[in-house]
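A quick write-up on the structure given underneath.
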Amino acid sequence: MRVHFSIQQLIAGATLAALSALTSLAQAQVPKPNVVVLATGGTIAGAGASALNSATYAAAKVPVDKLLAGLPELANVANVKGEQVFQIASESFTNTQLMTLGKRVSALVKQADVDGVVITHGTDTLEETAFFLNLVVHTDKPIVVVGSMRPGTALSADGALNLLDAVTVAASKDAAGKGVLVTMNDSIQSGRDVVKSVNLKVEAFRSQWGALGFVIEGKNYWFRAPVKRHTAQSEFDIDNINELAPVEIIYSYGNVPRTGFDALAKTGIKAVIHGGPGNGSVADRIVPALQAMRSAGIQVIRSSRVPEGFVLRNAEQPDDKYDWVVAHDLNPQKARILAAVALTKTDDSKELQRIFWEY
Ligand code: DGL
């Protein structure tokens, strides 16, 4: 059967083809954002013995150059450069790693030729590092922390898409000014709010206040923005911090003895985070131990081991009377990060409480 096209249809078809070619050419001409990937180790750099080893593997094995080379799709999103800052499992991070990483990120975001920074990281303490950077790096440029729950050698590995999503967000103008972000399993989480809530699933990271958005097929979909102070609005600046204050956590539970509290009091700590049950409850026999710590000049900060909600001041304990601080909605490990940063600037408990309300 012969199909006849009118002259007009032929011209329209040719015009559309030309426009599409010009669009592709124009897109190719638009300079891509520059994103630096700082690699620290973790499962996203892990390797297992077989494709069936999704949970049994060695973390922190694959170098950053190999990670990036294995993801050619990155080139469609940004000009990506990699730096191997560390190669460790994140449970082995110390304050030293936090400080080294924070200063490197701070230096990079000051460079005019850097539009965004991605940090690949183990998932075990990812929430602590993300919150730390959220508090101390002065920039509006996107900083995205990313990890994976399965090594790249496993069936249905999640690291590659998590990393592509992280670079996509770090290269996005609409991610600016939202604080440090975490991209895991299609979601964009706030570095302040996000916690690792499941230890064996790819959907491991969540916030009780919800994700900020999603990144799907290379496009960001935003639904909310952070309300707590962060990054450029923070009163804390990594460039003015040489060492984090010594702050430790002690969990409470039925039958908990004073032993650990009294031992910790003699270690030179500046603050203790009490990870209590319920609304940050403190056992009768432990109250005097915390009061003794406060009398010795140690700040006492009540947090809760319960995953959701927040500790109410003067509810379970008379915080005003004891001169204690409540950690608001921060879990013990995040409360430690904020206290360790805040105590580099103040040792006033009322100022500390203000800081815990605001960050
Ligand atoms: N060892 C853990 C870590 O480096 C592996 C967990 C992971 O990265 O998913 O945090």
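The values are calculated or read from the model by the stated rules, or taken from the named source; none is laboratory data. Computed from a predicted model, the values in this text were never measured in an experiment. Methodologically, a virtual Cβ is constructed for each residue, glycine included, from the backbone with ideal geometry; neighbour enumeration extends over all protein chains shown.
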Among the residues of segment 184-205, the number that are within 17 Å of residue 167 (Cβ to Cβ) and away from the ligand (no atom under 14 Å from the Cβ) is 5
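Mind telling me which of the residues 306, 256, 272 ends up being modelled with pLDDT of 95 or more, surrounded by 20 or more Cβ atoms within 10 Å (Cβ to Cβ) and β-branched (Val, Ile, Thr)?
The unique qualifying residue is 272.
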Considering residues that are part of a loop (DSSP other than H, G, I, E, B) and either modelled with pLDDT of 95 or more or in contact with a His (Cβ under 9 Å, 6 or more places away or on another chain) (or both), the number found within segment 152-193 is 13
For segment 77-123 the number of residues that are in contact (Cβ under 8 Å) with a residue 12 or more places away in the chain, away from the ligand (no atom under 16 Å from the Cβ), assigned to a helix (DSSP H, G or I) and not β-branched (Val, Ile, Thr) is 7
Residue check for residue 124: in contact with a helix residue (DSSP H, G or I) (Cβ under 6 Å, 6 or more places away or on another chain), modelled with pLDDT of 95 or more and surrounded by fewer than 24 Cβ atoms within 10 Å (Cβ to Cβ):
yes
Condition set out of contact with any His (no Cβ under 9 Å at 6 or more places or on another chain) and among the polar types (S, T, N, Q), scope segment 127-151, selection surrounded by the most Cβ atoms within 10 Å (Cβ to Cβ): answer is 148
Exercise. Can you find even one residue in segment 41-63 that is modelled with pLDDT of 95 or more, in contact with a Lys or Arg (Cβ under 9 Å, 6 or more places away or on another chain) and at positive phi?
Worked result: yes
*Would you confirm whether any residue within segment 56-65 is buried (at least 17 other Cβ atoms within 10 Å of the Cβ) and outside any loop (DSSP other than H, G, I, E, B)?*
yes
Some residue of segment 206-225 being within 16 Å of the ligand (Cβ to nearest atom), buried (at least 18 other Cβ atoms within 10 Å of the Cβ) and touching a residue at least 12 places away in the same chain (Cβ under 8 Å) = yes
Contact list, first residue from segment 328-345 and closer than 20 Å to residue 268 by Cβ, second anywhere and among the hydroxyl-bearing types (Ser, Thr, Tyr), beta-carbon distance below 6 Å, six or more apart or interchain, is 332/303; 335/303; 338/359
Only one of (1) crowded, with 24+ Cβ neighbours inside 10 Å; (2) of a type in the set (Gly, Ala, Ser); (3) within 16 Å of the ligand (Cβ to nearest atom) does not apply to residue 175, and that is (3)
Taking segment 124-146 and keeping residues within 15 Å of the ligand (Cβ to nearest atom), within 22 Å of residue 174 (Cα to Cα) and not in a helix (DSSP H, G or I) leaves 145, 146
